[in-house]
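Everything below concerns the one structure shown next.
The values are calculated or read from the model by the stated rules, or taken from the named source; none is laboratory data. Nothing here was measured: the structure is a model prediction, and the numbers come from that model. A quick note on method: Cβ atoms are made from the backbone with ideal geometry, for glycine too, and the neighbour counts reach across all protein chains shown. For the accessible areas, the whole protein counts, side chains as well, though only heavy atoms, and no ligand, DNA or RNA atoms are used. Shrake-Rupley method; radii C 1.70, N 1.55, O 1.52, S 1.80 Å.
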Amino acid sequence: MAKPRSPKGRAQRTHERLKDEYEAVCELVHRNPFELLVATILSAQCTDVRVNATVPGLFARFPDAEALASGDLAEIEEIVHPTGFFRNKARNLQGMARQLLADHGGEVPTQLADLVKLPGVGRKTANVIRSVAFDLPGLPVDTHVGRLVRRLGITEEQDPVRVELALNPMIPQYERGDFSLRLILHGRRVCASRKPACDDCVLNDFCPSAFAA
């Protein structure tokens with residue numbers, strides 16, 4: 001098979017290959033949009049493994065926006081302490097819950113513009129919620145996604161928003177979230193930052209960085 005010559009061609013070939021390698025699964029444990037929102041806020045500068053170990057206790061104590069909004073901040077801080085930056089995260093969680101109650105009847109909104117107004121929620125988190133919780137178009141760009149698309153010669157953009165906007169026209173809108181999830185899994189398992197396992201990579205026949213990254 002001929003190598004794709006354009007960034008769009010490399011994006012589409014990557015999408016096709018990774019479909020065969022990974023089920024598009026978000027590794028943050030959650031049962032509903034609210035739990036995913038909380039877990040994603042906690043995942044900032046923290047591993048999914050650590051977040052998944054923390055959230056069961058948090059949700060047992062504060063199962064919904066109403067409980068979290070009225071909870072004791074010190075108790076929230078104590079529970080989320082293992083995820084790092086616990087004071088800021090606790091404030092964001094409680095502020096998010098209060099804003100959900102004030103503006104959205106306690107429910108997680110679906111629109112990007114509404115999500116990014118919530119404390120602790122940036123564009124990446126908003127796209128996670130849209131794509132994973134609601135099956136809506138959204139392409140979260142984290143460090144793995146950014147690193148891989150640059151190595152693959154899909155875009156040279158460094159800013160996550162610019163990366164997202166460059167990728168969006170290349171991937172069918174309702175597959176963008178799955179594309180992101182598979183890139184993240186590939187980045188964690190194969191295309192590591194410091195020592196990518198190019199010998200084991202299903203993209204190595206057309207990746208311009210293969211065996212050189």
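Hey, in the GNM for the chain with a 10 angstrom Cα cutoff, which one of 126, 65, 192 fluctuates hardest? Ranking 126, 65, 192 by mean-square fluctuation puts 192 first. Rolling a 1.4 Å probe over the protein heavy atoms of the chain, with every protein chain left in place, gives an accessible area that is 48 percent carbon and sulfur. Among residues other than residue 101 with Cβ under 11 Å from its Cβ, the summed charge is -3 (Lys and Arg +1, Asp and Glu -1). When you filter the GluC sites (Glu not before Pro) in the range 1-104 for DSSP loop state and at most 10 other Cβ atoms inside 10 Å of their Cβ, you are left with 23. Annotation: per residue accessible area for the range 147-213 equals 53 Å², rounded to a whole number [probe 1.4 Å, protein chains only]. Solvent-accessible area per residue in the range 19-58 equals 51 Å², computed with a 1.4 angstrom probe and all protein chains kept. For residue 3, neighbours were defined as the other residues whose beta-carbon sits under 12 Å from its Cβ, and their charges (Lys and Arg +1, Asp and Glu -1) total +2. The alpha carbon convex hull volume per residue for the range 66-153 rounds to 109 Å³.
Between the range 1-33 and the range 81-145, what is the C-alpha centre distance in whole Å? Centre-to-centre distance over Cα atoms comes out at 23 Å. Both numbers refer to the Cα atoms of the range 63-108; Rg and Dmax are 10.4, 30 Å. Look at the dipole of the chain built from charges on Cβ: of 7, 165, 28, the Cα furthest out on the positive end belongs to 7.
A full extension of the chain between residue 91 and residue 162 corresponds to an added length of 22.7 nm, given 0.36 nm per residue minus the alpha carbon distance.
Size descriptors for the chain, from the alpha-carbon set: Rg then Dmax equal 18.3, 60 Å.
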